[in-house]
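Colleague: Here it is, the structure in full.
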Amino acid sequence: MASSKAKTLVIYTGGTFGMKDDGAGLKPVDRFKVSDEFSRIVPLSDMKKPEEIKSRKEIMRRFTTRKQDWNGTVDESPITYDVYEFKRLIDSSLMNQDDWKSIAETIQKYYEDYDGFVVVMGTDTMAYASSALSFMLENLSKPVVFTGAQITIFDAMSDGPENLLCSLIVSTLDIPEVLLCFNKKAFRGNRVVKTDCVGLDAYTSSNMPLLVTLDTRVTLDTRVTQTESLEKQIGTLQVQEMYPEGNEVGLLVIYPGITTEQVKNTIKDLQAVVLLTFGSGNIDGKIVQAMVDEQNNRKRLYINVTQCLKGSVTSSYQASNALKELGAVNCSDITTEAAFTKLSYVLAKEQDFEERKKMMRTSRRGEMSDEDSERENRNSENNQGLSQN
Ligand code: ASP
């Protein structure tokens, strides 16, 4: 457990959580109106009245609440949390790499003052943001928990209060990584996908068990949090920027009947492509030939990711041979969100083409199953001669 007087910073960025319909559809309500509501929506008896923190320039509110120990025993020590509201509150579908950077820099700015962080944002692109932050925050030694709501907190049926409360509890546990907490479950932030745009059980992590379950007991799965080979956390927190917006990283979804022209048009300006292939990594060889024809003597990095929610790219079919010859990197059971954000991170961090491939092939923040990535490493060493030029 973190210190007995856990202190969390809640960073509020917008999303349905604090939206109202003004007649033209849901949009975030004005600044401060939502952080004023935090005291109402965390329904615990010992909550203190919010008080403004005068020593900081940004408007923050401070509340106190109880937390439950993960053993199931009630820990009477309070969780204290401050709320930091972004100046521009937005629907997460408008978010891009700059917004992820602002979130990361806010965490970095207040890193020493808090034991954990909760980021409240829209659900639409939350899995992209939680994946991105998992890579951007280097040497992370505290929990960063993303959450939001499917129903606005201005509605009596809102899931926002429970999601916020659960996230606050998770932010006090000893899990030095980025998580996404929703509907009483906490997932690894780079292993999760939004699979329901209406229901309250909005997220799925098909290839990895939950890190924390918040039911009558708060259960931390120590097998998952302690045995995964996460990068060793040493040194001070650093924010690694992503390849900028309008960048040369893109997705190519393979679908039945896709033409070579469609493939060429999509990839022509890209430096790196996440290929969303069929099943365990399969694709028609003539599509791959279109990629080779479009190379124009430049090195383009291809990542092979399955369209399936569950399972990994294994390249066990002949229909994946052409991709192997192209030198595409198999990314095991990674999600699309994690593959895209990791690729943007790797391109910004490393210049050498072969090193970039190696980084994509290796699990860095527990974003893909080690077993698979180790096998891929071995295969790749055996297939060195086949790489593209
Ligand atoms: N469109 C909203 C958003 O992502 C959806 C939500 O928050 O649930 O900001």
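The values are calculated or read from the model by the stated rules, or taken from the named source; none is laboratory data. Every value quoted in this text rests on a predicted model; they were computed, and no experiment measured them. Cβ sites come from the backbone with ideal geometry, for glycine too, and all protein chains shown count toward neighbours.
Colleague: Anything in segment 137-155 that is in a loop (DSSP other than H, G, I, E, B), within 16 Å of the ligand (Cβ to nearest atom) and within 14 Å of the chain's Cα centre (by Cα)? List them, or say none. Walk me through it before giving the result.
Modeller: Going through segment 137-155, the residues in a loop (DSSP other than H, G, I, E, B) turn out to be 139-143, 148-155.
Imposing the further condition that a residue be within 16 Å of the ligand (Cβ to nearest atom) reduces the set to 148-155.
Correct list: GLY148 only.
Colleague: If I filter segment 209-227 down to residues being over 25 Å from TRP100 (Cα atoms) and assigned to a loop (DSSP other than H, G, I, E, B), which single residue comes out as modelled with the highest pLDDT?
Modeller: Restricting attention to segment 209-227, the residues satisfying the condition of being over 25 Å from TRP100 (Cα atoms) are 209, 213-224, 226-227.
After this cut, where a residue has to be assigned to a loop (DSSP other than H, G, I, E, B) as well, the list is 209, 215-217, 221.
Working: PRO209: 89, ASP215: 79, THR216: 74, ARG217: 73, ASP221: 77.
Here the residue is PRO209.
Colleague: Here are the criteria: (1) in contact with a strand residue (DSSP E or B) (Cβ under 6 Å, 6 or more places away or on another chain); (2) within 11 Å of the ligand (Cβ to nearest atom); (3) closer than 30 Å to GLY250 by Cβ. Tell me which single one ASN163 does not satisfy.
Modeller: (3)
Colleague: Quick one: what pairs do we get from segment 120-147, first residue closer than 14 Å to ILE175 by Cβ, second assigned to a loop (DSSP other than H, G, I, E, B) and within 10 Å of the ligand (Cβ to nearest atom), C-beta under 8 Å, 6+ apart or different chains?
Modeller: PHE146/MET121
Colleague: Let me ask something additional. Across segment 58-91, which residue is nearest to the ligand (Cβ to nearest atom) among those that are at pLDDT 80 or above and surrounded by fewer than 15 Cβ atoms within 10 Å (Cβ to Cβ)?
Modeller: Checking each candidate, the answer is ARG88.
Colleague: Tell me the residue from VAL305, VAL292, VAL313 that is farther than 23 Å from LYS101 by Cβ, over 17 Å from the mean Cα position of the chain (by Cα) and crowded, with 20+ Cβ neighbours inside 10 Å, please. I'd like the intermediate steps shown before the answer.
Modeller: Working: VAL305 fails: over 17 Å from the mean Cα position of the chain (by Cα); VAL292 fails: crowded, with 20+ Cβ neighbours inside 10 Å.
Checking each option against the conditions leaves just VAL313.
Colleague: Restricting to segment 112-125, name every residue that is surrounded by fewer than 21 Cβ atoms within 10 Å (Cβ to Cβ) and either modelled with pLDDT of 95 or more or within 10 Å of the ligand (Cβ to nearest atom) (or both).
Modeller: Answer for segment 112-125, where residues must be surrounded by fewer than 21 Cβ atoms within 10 Å (Cβ to Cβ) and either modelled with pLDDT of 95 or more or within 10 Å of the ligand (Cβ to nearest atom) (or both): just ASP124.
Colleague: Right, next: Taking the options VAL198, VAL193, VAL178, name whichever one is of a type outside the set (S, T, N, Q), surrounded by fewer than 16 Cβ atoms within 10 Å (Cβ to Cβ) and modelled with pLDDT of 90 or more. Let's see the steps before the verdict.
Modeller: Details: VAL193 fails: surrounded by fewer than 16 Cβ atoms within 10 Å (Cβ to Cβ); VAL178 fails: surrounded by fewer than 16 Cβ atoms within 10 Å (Cβ to Cβ).
Within the list VAL198, VAL193, VAL178, the selection yields VAL198.
Colleague: Mind listing whichever residues of segment 92-111 are crowded, with 17+ Cβ neighbours inside 10 Å, within 16 Å of the ligand (Cβ to nearest atom) and under 23 Å from VAL346 (Cα atoms)?
Modeller: MET95, ASP99, TRP100, ILE103, listed by residue number.
Colleague: Can PHE187 be described as out of contact with any helix residue (DSSP H, G or I) (no Cβ under 7 Å at 6 or more places or on another chain) and at pLDDT 95 or above? Even if it seems obvious, please write down each step before you answer.
Modeller: Values: out of contact with any helix residue (DSSP H, G or I) (no Cβ under 7 Å at 6 or more places or on another chain): yes; at pLDDT 95 or above: yes.
Against the criterion (out of contact with any helix residue (DSSP H, G or I) (no Cβ under 7 Å at 6 or more places or on another chain) and at pLDDT 95 or above), PHE187 qualifies.
Colleague: Another question, then. Restricting segment 179-206 to residues that are in a loop (DSSP other than H, G, I, E, B) and among the small types (Gly, Ala, Ser), which is nearest to VAL144 (Cα to Cα)? Steps first, please.
Modeller: Going through segment 179-206, the residues in a loop (DSSP other than H, G, I, E, B) turn out to be 183-184, 189-192, 195-202, 205-206.
Cutting the leftovers down to among the small types (Gly, Ala, Ser) gives us 189, 199, 202, 205-206.
Values: GLY189: 9, GLY199: 24, ALA202: 19, SER205: 18, SER206: 21 Å.
Among those residues, the one meeting the criterion is GLY189.
Colleague: Among the residues of segment 328-371, how many are in contact with a strand residue (DSSP E or B) (Cβ under 8 Å, 6 or more places away or on another chain) and among the polar types (S, T, N, Q)?
Modeller: Of the residues in segment 328-371, 4 are in contact with a strand residue (DSSP E or B) (Cβ under 8 Å, 6 or more places away or on another chain) and among the polar types (S, T, N, Q).
Colleague: For segment 293-322, which residues satisfy the criterion of being among the aliphatic types (A, V, I, L, M) and modelled with pLDDT under 90? Lay out the reasoning, then the answer.
Modeller: First, the residues of segment 293-322 that are among the aliphatic types (A, V, I, L, M): 301, 303, 305, 309, 313, 319, 322.
Correct list: ALA319, ALA322.
Colleague: Given SER158, SER134, which one is closer than 19 Å to VAL224 by Cβ, polar (S, T, N, Q) and either in a loop (DSSP other than H, G, I, E, B) or touching a strand residue (DSSP E or B) at 6+ places or on another chain (Cβ under 7 Å) (or both)? Break it down into steps so the answer makes sense when it comes.
Modeller: Values: SER158 fails: closer than 19 Å to VAL224 by Cβ.
Every option except SER134 fails the conditions.
Colleague: Moving to a separate point now. I want to confirm something. Restricting to segment 5-25 and keeping residues that are among the small types (Gly, Ala, Ser) and assigned to a loop (DSSP other than H, G, I, E, B), which single residue is nearest to the ligand (Cβ to nearest atom)? Spell out the reasoning first.
Modeller: Initially, segment 5-25 is screened for residues among the small types (Gly, Ala, Ser), giving 6, 14-15, 18, 23-25.
Applying the additional criterion that residues be assigned to a loop (DSSP other than H, G, I, E, B) yields 6, 15, 23-25.
Values: ALA6: 26, GLY15: 4, GLY23: 17, ALA24: 14, GLY25: 10 Å.
Here the residue is GLY15.
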